[in-house]
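The values are calculated or read from the model by the stated rules, or taken from the named source; none is laboratory data. Bear in mind that the values here come from a model prediction, so they are computed numbers and not experimental data. With ideal geometry, Cβ positions are generated from the backbone for all residues, glycine too; neighbour counts draw on all protein chains shown. Side chains are part of the model used for accessible areas, which takes the heavy atoms of the whole protein and leaves out ligands, DNA and RNA. Shrake-Rupley method; radii C 1.70, N 1.55, O 1.52, S 1.80 Å.
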Amino acid sequence: MFRLLSVLGLMLALMLPAQAEEVHPQKVVKSVSDIVLAEILANKEKLDQGPEFLLSLVETRMLPIIDQERMSQLALGKYWAEINDQQRSDFAEGFKRLLIKTYAGAFKAYTGQDVTYGETRFNKSGDKAIVSSDIHVAGGSPVNLQYRLYQPKPGQWLVYDATIAGLGLIRTYRAQFSDQIERDGIDKTISQLQSVQL
């Protein structure tokens, strides 16, 4: 019995530091960005061979810190409540393809520019944050990139929107999808989204 309690005590002691460690939203964004950017610089020859390497890198490294369902819901706006579960699932899958392509396109232009981070801003309750960074372009003004994150549970931060040079990703997509749905209907919009070429 004593041995069992000792083992349980050891397990608890090992678990507590991980649970007690406060995860900062800037650390979440920076650690993933650093890995992706380092991989891009180290694999220029793979980038020149085609999009597969970069697409895989975005999917395996970036997507785990992005709340794809929440982004899908925000991007679809009022139409999310009007569609059924299958349509939501299909839209989310198509929107994931669009996100992968968007991020891959942005990272493709990276050639080693310095990236610096500003002070992270939190809401009053501390469960939402804006992580701000600047990409320093030679001979030009820095490009500001802001990630909006929320905390679905203690110790976890997920991205649900991003702003590039003042242009909101979700707001832009919502306007595009709204126009397309009004013109073509939801099913055709989903079909076209799922056919996005990666």
Taking only the stretch 51-63 into account, find how many residues are in a helix (DSSP H, G or I), in contact (Cβ under 8 Å) with a residue 24 or more places away in the chain and open to solvent by 20 Å² or more (accessible area, probe 1.4 Å). 3
Could you say which residue among Arg183, Arg148 is open to solvent by 30 Å² or more (accessible area, probe 1.4 Å), within 27 Å of Val23 (Cβ to Cβ) and free of Cβ contacts under 8 Å to residues at least 40 places away in the same chain? Arg148
Name every residue in the stretch 1-46 that is exposed (fewer than 14 other Cβ atoms within 10 Å of the Cβ), of a type in the set (D, E, K, R), more than 18 Å from the chain's Cα centre (by Cα) and at pLDDT 55 or above, in order of residue number. Glu22, Lys44, Glu45
Assuming Val137 fulfils every condition listed in (1) surrounded by fewer than 18 Cβ atoms within 10 Å (Cβ to Cβ); (2) β-branched (Val, Ile, Thr); (3) touching a Pro at 6+ places or on another chain (Cβ under 6 Å) apart from one, which condition is it? (3)
In the stretch 99-130, which residues are open to solvent by less than 30 Å² (accessible area, probe 1.4 Å), touching a helix residue (DSSP H, G or I) at 6+ places or on another chain (Cβ under 9 Å) and under 20 Å from Leu149 (Cβ atoms)? Leu99, Ile100, Tyr103, Phe107, Thr120, Ala129, Ile130
Need at least 1 residues that are out of contact with any Asp or Glu (no Cβ under 9 Å at 6 or more places or on another chain) per element, so show me which strands (runs of 3 or more DSSP E) inside the stretch 79-198 make the cut, counting only ones lying wholly within it. 128-136, 143-153, 156-164
